[in-house]
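The values are calculated or read from the model by the stated rules, or taken from the named source; none is laboratory data. Since the model is a prediction, treat every value here as computed from it, not as a measurement. Here Cβ is always computed from backbone atoms with ideal geometry, including for glycine, and neighbour counts include all displayed protein chains.
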Amino acid sequence: MPNLNWKIEHRLAELEGADKKLLIPGREGYWLQEAFQTIEFRLDKSGAVVASESEVSFAAEPRQYSFASPFLIVLRKRGTPVPFFVMWADNAELLCKAAD
């Protein structure tokens, strides 16, 4: 019986890039920024063990919003009815100037 013990880490570059947008409804503007997979395998006289793990990070095209008039900001945790932050913004005092 051969003894094998290895760990392979692979970057899935063929799945990455802004030219490969997701086809998931509601996520059409997103793509995989990085995709990795790790596979660990051990084989010896006591048996075999295999483990696999993947990691992905997503990116999306930046969205542009216009705040030419007063607006309301409401933040709440998903699944809860009560917001934890509410703010009415009616002037530019707390806003940052857009980057060029």
*asked:* Please go through (1) assigned to a loop (DSSP other than H, G, I, E, B); (2) surrounded by 11 or more Cβ atoms within 10 Å (Cβ to Cβ) for MET1 and return the number of the only condition it doesn't satisfy.
replied: (2)
*With (1) surrounded by fewer than 10 Cβ atoms within 10 Å (Cβ to Cβ); (2) of a type outside the set (A, V, I, L, M, F, W, C); (3) in contact (Cβ under 8 Å) with a residue 40 or more places away in the chain as the list, and ASP44 as the residue in question, which single condition is left unmet?*
(1)
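May I ask you to say which residue of ALA35, ALA60 is in contact with a helix residue (DSSP H, G or I) (Cβ under 8 Å, 6 or more places away or on another chain), surrounded by 14 or more Cβ atoms within 10 Å (Cβ to Cβ) and farther than 17 Å from TRP6 by Cβ?
Result of the check over ALA35, ALA60: ALA35.
Would a scan of the stretch 67-77 turn up a residue that is part of a loop (DSSP other than H, G, I, E, B), hydrophobic (A, V, I, L, M, F, W, C) and on the phi < 0 side of the Ramachandran plot? Give the steps one after another, and end with the answer.
Our first condition is that a residue be part of a loop (DSSP other than H, G, I, E, B); within the stretch 67-77, this holds for 67-70, 76-77.
In the following step, the residues that additionally are hydrophobic (A, V, I, L, M, F, W, C) were identified as 67-68.
Still in the list and also on the phi < 0 side of the Ramachandran plot: 67-68.
Yes, because at least one residue in the stretch 67-77 is part of a loop (DSSP other than H, G, I, E, B), hydrophobic (A, V, I, L, M, F, W, C) and on the phi < 0 side of the Ramachandran plot.
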*How many residues are charged (D, E, K, R) and under 15 Å from the mean Cα position of the chain (by Cα) if we restrict to the stretch 21-55?*
5
*Right, LEU32: in a strand (DSSP E or B) and modelled with pLDDT under 95 or not?*
yes
*Could you list, in sequence order, all residues of the stretch 50-100 that are closer than 30 Å to ASP19 by Cβ and among the small types (Gly, Ala, Ser)?*
SER52, SER54, SER57, ALA59, ALA60, SER66, ALA98, ALA99
*Could you list, in sequence order, all residues of the stretch 68-89 that are touching a residue at least 12 places away in the same chain (Cβ under 8 Å), of a type outside the set (A, V, I, L, M) and surrounded by 10 or more Cβ atoms within 10 Å (Cβ to Cβ)?*
PHE71
*Is there a residue in the stretch 79-90 that is under 23 Å from the mean Cα position of the chain (by Cα) and in a strand (DSSP E or B)?*
no
*Taking the stretch 55-95, which residues are within 26 Å of GLY26 (Cβ to Cβ) and aromatic (Phe, Trp, Tyr)?*
PHE58, TYR65, PHE67, PHE71, PHE84, PHE85
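Here is a yes/no grid of residues against (1) touching a residue at least 40 places away in the same chain (Cβ under 8 Å); (2) loosely packed, with under 10 Cβ neighbours inside 10 Å; (3) part of a strand (DSSP E or B); (4) not hydrophobic (A, V, I, L, M, F, W, C):
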site	(1), (2), (3), (4)
LYS7	no, no, yes, yes
GLU14	no, yes, no, yes
ASP19	no, yes, no, yes
GLU40	no, no, yes, yes
VAL49	no, no, yes, no
SER52	no, no, yes, yes
VAL56	no, no, yes, no
TYR65	no, yes, no, yes
